[in-house]
Ligand SMILES: Cc1cc2nc3c(=O)[nH]c(=O)nc-3n(C[C@H](O)[C@H](O)[C@H](O)COP(=O)(O)OP(=O)(O)OC[C@H]3O[C@@H](n4cnc5c(N)ncnc54)[C@H](O)[C@@H]3O)c2cc1C
């Protein structure tokens, strides 16, 4: 096995064109290899020392989050906590402090687990992934990127350089909640993200919901915005809960049966909507919502 360390995006792209695989924090790649899920690739290029991958920039109506930004930064960056709060909620739930200090948004998104925590909030915030190779740059909706558990439509020579999210409008808020059995070193049993825009009278003008760990990929709730537009969030909760349970196609495993997941995703979707609408209305609910509203594991 060979490991090279990149100092620039060009270094990375050249290595990928030569067949290397990127490694950022290594918390999926290395841990997966140690657990025998899949062996380490023959050739690795370390991307964690590329400064251009670790920036958070606001440009022309968007925020661009470098693929190498760690979860610790996502959960504490003032702009993200203020305007993209659902993403900060998700980052704050990931693993342990040491996992969050090295694990990255790019690694989370490109690993494509249906249980990834940043995926659902990114989807409700309208995020796209920017992929680059030596020959081209392209932007892809996350629904087109994730094709199955652990699978993406990215080519092996493409690096995810950043995640691009449109600026959030006034009177908007977002939240991500997950059902978990314990507080750390856990993955979502199920999870739900919501982002909503309110009218001046406090009813819902538009909204999006997405679900974690109830399908082969993170999925957006179809028809959510139409179903809740014009309603108060408190009245929309039941509608959203049954839409979520109806659209979930979970598996049964040792962490929960499909029936249990189908029920609890409705509960989580309603809670995500409630927290997002309260934030949109100006209420300060700290990150992560799970800890501050008593959702998920008690201790
Ligand atoms: C103890 C523990 C607890 C965890 N808890 C959680 C949790 O609660 N929630 C959760 O969602 N995840 C969790 N994870 C999984 C993991 O920490 C996250 O998915 C993390 O974000 C992965 O980022 P990384 O930088 O470590 O990725 P890496 O392991 O470096 O890479 C993961 C994959 O993505 C590819 N990749 C990395 N960066 C790029 C890029 N820029 N462009 C293209 N491909 C790229 C790699 O080649 C590899 O295939 C946990 C892991 C551990 C070990």
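In a Debye calculation with equal point scatterers on the alpha-carbon sites of region 1-48 and no solvent, what is log10 I(q)/I(0) at q = 0.21, 0.23 Å⁻¹? Values returned for q = 0.21, 0.23 Å⁻¹ are -0.66, -0.77.
What value, in deg cm²/dmol to 500, does the helix sum -39500 (n - 2.57) over DSSP H runs of n ≥ 4 give at 222 nm once divided by the residues of the chain? Before the final figure, lay out each step's value.
On the way: 13 runs with 104 residues, N = 299.
So the helix-based figure for the chain works out to -9500 deg cm²/dmol.
Extension gain for residue 2 to residue 170 (0.36 nm times residue separation, less C-alpha to C-alpha distance): 55.6 nm.
Determine the gain in length on full extension of the stretch residue 62-residue 200; use 0.36 nm per residue of separation and subtract their C-alpha separation, reporting nm with one decimal.
Numbers: separation 138, 0.36 × 138 = 49.68 nm, distance 2.39 nm.
This chain segment gains 47.3 nm when fully extended.
With respect to the chain, whose longest principal axis is taken over its alpha-carbon atoms, helix 233-247 is tilted by about 50°. Ordering 128-134, 149-155 by mean Cβ neighbour count within 10 Å, with the highest value first, yields 128-134, 149-155. Annotation for region 182-196 versus region 83-150: alpha-carbon center distance of 14 Å. For residue 76 and residue 222, the difference between the fully extended length at 0.36 nm per residue and the C-alpha to C-alpha distance is 49.5 nm.
Using the beta-carbon distance between residue 239 and residue 259 and R0 = 22 Å, what value does 1/(1 + (r/R0)^6) give for FRET efficiency, to the nearest 0.05?
About 0.55, to the nearest 0.05.
The label-point distance for residue 232 and residue 43, in a model that sets each label 7 Å from Cα toward Cβ, rounds to 6.3 nm. Normalised by the number of residues in region 174-292, the mean separation of alpha-carbon contacts (under 8 Å, six or more apart) gives a relative contact order of 30 percent.
Whole Å is fine, so just give me how far the alpha carbon centre of region 25-51 lies from that of region 272-299. Spelled out, the Cα-based centre of one part sits 34 Å from the other. When peptides 227-237, 27-37, 69-79 are sorted by average Cβ neighbour count within 10 Å, with the highest value leading, the order is 69-79, 227-237, 27-37. Under the simplified labelling scheme, the residue 251-residue 136 pair shows an inter-label distance of 3.2 nm, with each label point 7 Å from Cα along Cα→Cβ. Principal-axis analysis of the Cα atoms of the chain puts helix 258-280 at an angle of about 80° to the longest axis.
Sorted from longest to shortest, the spans of the Cα atoms of the chain along the three principal axes equal 56, 46, 32 Å.
No lab work stands behind these numbers, since they all come straight from the coordinates. The structure displayed is predicted, hence computed values, not measured ones. Glycine also receives a Cβ, built like all others from the backbone with ideal geometry; neighbour counts cover every protein chain displayed.
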